[in-house]
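A short worksheet on the structure shown next.
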Amino acid sequence: MQRSTFQNGVKIALELRGLLDRIGLRGYPKTSGQHGLHVLVPLGPGVSFETAQALNALLGRLVGARHPDIATLDRVVERRGPRVLVDIGQTGRRRTIVAPYSVRAFPGATVSAPLAWSEVDESLDPAKFTLRTVPDRVARVGDLARGVLEDQPDVPAAVAALERIVREES
């Protein structure tokens, strides 16, 4: 069975970035430490779990619908085939994702590395972020995930902007 390509994951992440830019939210991309990309979207304090979960699901469905040839929300590997999984299920109670800078237990000791959006392109190679390379990288570029804990976006304005986009695309 053919697997999804990392380059298609990059395309999906960039689509999400464009959508986040349009609604006034900031995404923080990072490698998964394996073969995927995560985009962390801080909502700030006071946003309910239900709001975060609904926003995540809507953004994921929009991105998936815009690229049905390369993206799917279907978790079953046999049904998704070579398409990239847009995993909206990770925003759930008792769900975890790999934290930024986590070393993965795989050959090469790859790391879940925060990225600048300028690095998210077809040349991105997640295997280059390892236990050996990431400390020097952080010393050089700083903590690219820091804003996840600091951003306090206007979530009601983002939801209103997203509502307009959904209406336009319906």
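The values are calculated or read from the model by the stated rules, or taken from the named source; none is laboratory data. Fair warning: this is a prediction, and the values are worked out from it, not measured in the lab. Cβ: placed from backbone, ideal geometry, glycine included. Neighbour counts: every protein chain shown. Protein only, heavy atoms only, side chains kept; ligands, DNA and RNA dropped before computing areas. Shrake-Rupley method; radii C 1.70, N 1.55, O 1.52, S 1.80 Å.
The figures follow:
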item: Considering residues of segment 70-110 that are hydroxyl-bearing (S, T, Y) and open to solvent by 50 Å² or more (accessible area, probe 1.4 Å) only, the residue farthest from Q34 (Cα to Cα); result: T96
item: Contacts under 9 angstrom Cβ, first residue in segment 87-105 being over 19 Å from F49 (Cβ atoms), partner open to solvent by 40 Å² or more (accessible area, probe 1.4 Å) and of a type in the set (D, E), 6 or more apart; result: P100/D143; Y101/D143
item: Residues located in segment 22-37, provided they are open to solvent by less than 50 Å² (accessible area, probe 1.4 Å), over 11 Å from G147 (Cβ atoms) and of a type outside the set (V, I, T); result: L25, P29, K30, S32, G33, G36, L37
item: Number of positions in segment 111-147 that are more than 28 Å from L43 (Cα to Cα) and touching a Ser or Thr at 6+ places or on another chain (Cβ under 7 Å); result: 2
